[in-house]
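Okay, structure first, notes after.
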Amino acid sequence: MQRKGSLEQFENTALPYLNAAYNLARWLTQNPHDAEDVVQESYLRALRSFDSFRAGCDARAWLLTIVRNTCFTWLRQNRPACVAAEFDENIHDAPENWCNPETVLLEKADSKLLNDEIAALPYEYREVLILREFEGLSYKQVAQVVGVPLGTVMSRLARARRNLQRRLCGAQTEAQA
Amino acid sequence: MNCDEARLLLNASVDGELDAVQSLTIEAHLRSCAICRSVCDGYQRLHTEIQSRGQYFEAPEDLEARIHNKIGAVKRDRTGHATADRPRFFSSRFVALAAAAAALIVLTVLVTSVLRRPFTASELVAHEVVAGHVRSLMAGHLMDVPSSDQHTVKPWFNGKLDFAPRVKDLAGEGFPLLGGRLDYLDGRPVAALLYKRHQHTINLFEWPTQERAKPQSFAINGYNVLRWTQGGMAYWAVSDLNDAELAIFMREQRK
């Protein structure tokens, strides 16, 4: 049973990161309604495991870990195609010199194209990219949230960006043709 | 260092995750290798692009209230009849409704009185604070001491002010410290600390005060302003950041 006052403590700990939780869920589920459901479920899960959370620990990483896992479970149940059972990094990798980065006219990429292409990234790339670029998490924190070694964070992030560059470059080449 | 080794570290370099030795090694390699340099520029540009144009989805306004209610429901389930024994008017929903009604009345009174009366002293300061913020952005004079290290920023104010400002680095909470600056507000020199949240800049002004006031918020010309007092200091935070996130900033500062 929760002790009196600990609910308030829980809210003070977890609610400041509501935007971070929602942004992650929104990018991973790709849908506002699903994101809200996942976030609400995440907070209930977080409340249940609040006893194991120690004051002074990284509350944001703790909460985002729960959101990330809730998203993953939810997607596996409701959108199994989005989370391929076995993720092969080599299949999703893009060759480094697919296009010369100098010719990537990113300043001309409009916001919609950029966001569409981030959304189109494989799930495993998208989550590290969102955590790093939008939440500004360190590699160590990303590793904690996603539950993979630091080296995997580095390689996924590198591949995510290479992939994204290639997509943006391809889209622009098509537009110019 | 060869190109293969450099490519492995380029992303970490853009993310500021390399130690000093690795950074120097990669910088040396980039100076000598045009191809790696252009790959690095590409990542840097992509990073900047995502920072400025990537979509950050903010939680819908009522989501916090809904979560709060759900958590409350869990509490009621767990405490069982203990809650049910209490008279009904003290149920959290009743209290919330009453509070909302009271808030509405207060707000109406405030709004009507604001329409009638001249600015209060704190509103005048709030306008000054916003002006200081805008000026700092306009003139490109954000910082006198650019540093993300609180132990560099704090001593910099020594001898420039007649008080020692409190300087907190909140990088871990998503508000990295950028540096500090001297400014002049409310008829006295004050400390201005710069923080960043995504692409938003936050100016935090700080000076000694006798007053003890509850946190107060203002919205002026699209800027959000929050003021509070703590430990004999007046704090004024101003930014184009949304008020919810600015409130988080205040909460972190007050910890």
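A compact table of results
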quantity	calculated
Estimated Rh, the stretch B:121-254: Kirkwood, alpha-carbon pairs, angstrom	14.6
For the stretch B:200-213, 3J(HN,Hα) per residue [Karplus equation, 6.51 cos²θ - 1.76 cosθ + 1.60, θ = phi - 60°, Hz, x = Gly/Pro]	9, 9, 10, 9, 10, 9, 8, 7, x, 8, 8, 5, 10, 10
Amide proton proximity set for B:Ser147, modelled H, under 5 Å, gap of 5+	B:Gly179, B:Gly180
Charged-residue dipole, Cβ positions (Lys, Arg, Asp, Glu), the stretch A:6-82 about Cα centre, Debye nearest 20	300
Sorted by Cβ neighbour density within 10 Å, fewest at the top, the residues B:Leu182, A:Leu75, B:Leu246, A:Leu64	B:Leu182, A:Leu75, B:Leu246, A:Leu64
Amide hydrogen neighbours beyond the local backbone of B:Gln230, cut-off 5 Å, H modeled	B:Tyr235
Order of B:His151, B:His200, B:His133, B:His47 under a 10 Å beta carbon neighbour criterion, fewest first	B:His151, B:His200, B:His47, B:His133
B:Asp77, B:Asp243 arranged by Cβ crowding within 10 Å, fewest neighbours leading	B:Asp77, B:Asp243
Proximal lysines relative to B:Lys168, as straight alpha-carbon distance under 24 Å, when same-chain residues fewer than 8 apart are discounted	A:Lys140, B:Lys154, B:Lys160, B:Lys196, B:Lys214, B:Lys255
Cα-based reach from B:Lys70 at 15 Å (exclusive), listing aspartates and glutamates while leaving out same-chain residues under 8 positions away	A:Glu8, A:Glu11, A:Glu36, A:Asp37, A:Glu41, B:Asp62
For chain B, calculated [θ]222 nm from helices alone, where every DSSP H run of n ≥ 4 adds -39500 (n - 2.57)	-16000 deg cm²/dmol
J(HN,Hα) series, the stretch B:70-75, from Karplus relation 6.51 cos²θ - 1.76 cosθ + 1.60, nearest Hz, glycine and proline x	4, 5, x, 5, 4, 4
As computed over chain B, the Cα convex hull volume per residue (Å³)	204
In order through the stretch B:32-40: 3J(HN,Hα) via Karplus (6.51 cos²θ - 1.76 cosθ + 1.60), integer Hz, x for Gly, Pro	9, 10, 5, 5, 4, 4, 6, 4, 4
Partnerless Cys - chain B, beta-carbon criterion under 4.7 Å	B:Cys3, B:Cys40
When the stretch B:3-53 is reduced to its Cα atoms, the Kirkwood hydrodynamic radius in Å	11.1
Charge dipole (the stretch A:106-149, unit charges on Cβ, about Cα centre) - positive-most of A:Ile118, A:Val145, A:Leu131	A:Val145
Globularity index of the stretch A:6-82, i.e. its alpha-carbon radius of gyration over 2.2 N^0.38 Å	1.07
Long-range amide H partners of B:Arg197 with built H, under 5 Å	B:Ile202
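Read the figures in this text as sums done on the coordinates, not as results from a lab. As the structure is a computational prediction, the values presented were derived from the model and not from experiment. Cβ atoms come from the backbone with ideal geometry, glycine included; neighbour counts cover every protein chain shown.
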